[in-house]
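The values are calculated or read from the model by the stated rules, or taken from the named source; none is laboratory data. Everything numeric here is computed off the predicted structure, so don't read it as measured data. Here the Cβ positions follow ideal geometry from the backbone for every residue, glycine too, while neighbour counts run over all protein chains shown. Side chains included, ligands, DNA and RNA excluded: accessible areas come from the protein's heavy atoms. Shrake-Rupley method; radii C 1.70, N 1.55, O 1.52, S 1.80 Å.
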Amino acid sequence: MQFEVGSLIHVAPGGVSVFRIVEIGVDGDPTKAVVEAVADTPGTYPWPTDLTYAVPAEQP
C-alpha cells in the first residue's frame, strides 16, 4: 500500500492506536517511516516503524 506524509494508519491490521506519518523513506528505505500518535497523550513522541503491515486508519 502506498502512503503519504500525513496519512493516518494502524501499524498492523487490527491495530487500535492511530498514527500519523511524519516522514517516509527513513535511511533511504521507502518501507520505513517516522510516525507519531494522533491521540494527545503525555509521553508520546515520533518514532520510526516499518510500513510493511500498515493499514489505513478510518479515524483520527
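A quick yes/no check of all residues on (1) part of a loop (DSSP other than H, G, I, E, B); (2) modelled with pLDDT under 95; (3) open to solvent by 60 Å² or more (accessible area, probe 1.4 Å); (4) polar (S, T, N, Q):
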site	(1), (2), (3), (4)
E23	no, no, yes, no
P30	yes, yes, yes, no
V35	no, no, no, no
P42	yes, yes, yes, no
Y45	yes, yes, yes, no
E58	yes, yes, yes, no
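Six or more apart or on different chains, Cβ atoms under 9 Å: show the pairs whose first residue is in the range 37-50 and farther than 18 Å from V26 by Cα and whose second is at pLDDT below 85 and not in a strand (DSSP E or B).
V38/Q59; V38/P60; A39/P60
Would you check which residues across the range 1-20 are hydrophobic (A, V, I, L, M, F, W, C) and over 11 Å from A54 (Cα atoms) and list them?
Result: V5, V16.
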